[in-house]
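Shown next, in structure tokens, is the structure this report addresses.
Just so it is clear, none of the values below were taken in a lab; they were calculated from the coordinates. All figures in this text were calculated on a predicted structure; none of them were measured in a lab. Please note: Cβ atoms are built from the backbone with ideal geometry, for glycine as well, and neighbour counts cover all protein chains shown.
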Amino acid sequence: MKIIGEKINGTRKRVAQAIAERDAEFIKDLAKKQSDAGAAWLDVNAGTHPDKEPDDLTWLIENVQSVVDTPLSLDSANPKALKIAIKAANKTPMINSISGESERLTNILPIVAEHGCPVIALAMDEKKIPETSEKRFEVITKIIKETRALGIPDSNLYFDPLAMTISTNTNSAVIAFETMRRVRSEYPEAHLTIGLSNISFGLPARSFVNRYFLGMAVQAGLDSAILDPLDREMQAAILTTELILGRDKHCLNYIRASRKGLFDKPAE
């Protein structure tokens, strides 16, 4: 399973400070740590005012790329910022994200098509996040009709079925799993991803909820996730899940990780 590193996000207080103060070393350190931990993409989100976002996102891209060659995920709903910042990317980036909202499909999808980007697509539209898996799949079907019309291959789509917090709806995980299975059945070339931490918001011992949810989601078809690649316990959960599901040939990934000490208790 591929990890999209979540830590370079301007909604985080320390990252926002680094962006405002142009603290390049802080951003570079976050990039190196996530890349070394095995992230397949590094999400970069400036989270600043739309007028400043093009410059801020470009600054993030340039600093991250100065220390790692890991592909980036450009996290913005601002078409102007994406059009400008994408020129700074050394490798074809992922775009995070589109949805069933007409404005995003109209303004962002052409950028995705022009540059051949993989793209995260949220199972929601202008109205709200659908409450059932059936309604979420309807949004996904709408999106895939639009992407196919622009020649975007299904294999470039990363559908996010949206993991809403269990503390407000105890069926949230079940709805996400049902949506994943339907996508996997109907659109087998498409990928599935998810913003993992939402599922446990408002609950105690959130790490337990996140890990068990992730294991069950992988069984339902999840093949990537937006999470903290520095979380050793989460990394261990991913490897163990893939081992149990028969996706680790000769158990090699699990054994290698064990030899590197991933499953050892960290020193106090």
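Output ³J(HN,Hα) for the stretch 86-95: one whole-Hz value per residue in order, computed from phi by the Karplus curve 6.51 cos²θ - 1.76 cosθ + 1.60 with θ = phi - 60°, and x for Gly and Pro.
After applying 6.51 cos²θ - 1.76 cosθ + 1.60, I find 4, 5, 8, 6, 6, 10, 4, x, 7, 10 Hz.
Largest first, please: the extent of the C-alpha atoms of the stretch 169-221 along each principal axis, to the nearest Å.
The Cα atoms of the stretch 169-221 stretch 36, 18, 15 Å along their principal axes.
What FRET efficiency would be calculated for the residue pair I129, R247, taking the C-beta separation as r and a Förster radius of 25 Å, to the nearest 0.05?
Efficiency for this residue pair is about 0.25.
For the stretch 135-243, count all C-alpha to C-alpha pairs, find those more than 16 Å apart, and express that count as a whole percent of the total.
That tail contains 58 percent of the Cα-Cα pairs.
Mean separation of Cα pairs under 8 Å and 6+ residues apart, divided by the residue count of the chain: what relative contact order is that in percent?
15
How much length, in nm to one decimal, is gained on full extension between T92 and Q219, taken as 0.36 nm per residue of separation minus their Cα-Cα distance?
42.8 nm
Can you sort L157, L105 so the residue with the fewest Cβ neighbours within 10 Å comes first?
Ordered from fewest to most neighbouring Cβ atoms within 10 Å, L157, L105 come out as L105, L157.
In the P(r) worked out for the stretch 1-87, what percent of Cα pairs fall beyond 18 Å?
Of all Cα-Cα pairs in the stretch 1-87, 35 percent lie more than 18 Å apart.
Between F159 and residues 5 or more places away or on another chain, which pairs have amide H atoms under 5 Å apart, with H built 1.01 Å from N, and which residues are they?
Counting only residues 5 or more places away or on other chains, the set is A121, H191, L192, T193.
What does the net charge come to around V218 if you take all other residues with beta carbon closer than 10 Å to its beta carbon, with K and R at +1 and D and E at -1?
Computed value for this residue: -1.
Along the stretch 24-30, what does the Karplus equation 6.51 cos²θ - 1.76 cosθ + 1.60 (θ = phi - 60°) give for ³J(HN,Hα), rounded to whole Hz, x for Gly and Pro?
Values, residue by residue: 5, 5, 5, 5, 4, 5, 4 Hz.
Using label points projected 7 Å from each Cα along Cα→Cβ, tell me how many nm separate R256 and S185, to one decimal.
3.5
What distance in nm separates the two pseudo spin-label positions at I84 and N171, each 7 Å out from Cα along the beta-carbon direction?
My value for the distance between the label points is 4.5 nm.
Could you give the spread of the C-alpha atoms of the stretch 41-199 along their three principal axes, from largest to smallest, in whole angstroms?
If we take the Cα atoms of the stretch 41-199, the spans are 42, 36, 28 Å.
Under the √(5λ) rule applied to the eigenvalues of the Cα gyration tensor, what semi-axes describe the equivalent ellipsoid of the chain? Give them in Å, descending.
The equivalent ellipsoid of the chain has semi-axes of 27, 25, 18 Å.
To the nearest 0.05, what FRET efficiency results for E21 and L230 with a Förster distance of 30 Å applied to their C-beta separation?
0.85
Could you work out how far apart the two model spin labels at A40 and K265 are, taking each label as a point 7 Å from the Cα in the direction of the beta carbon, and quote it in nm?
Placing both labels 7 Å beyond Cα along the Cβ direction yields 3.4 nm.
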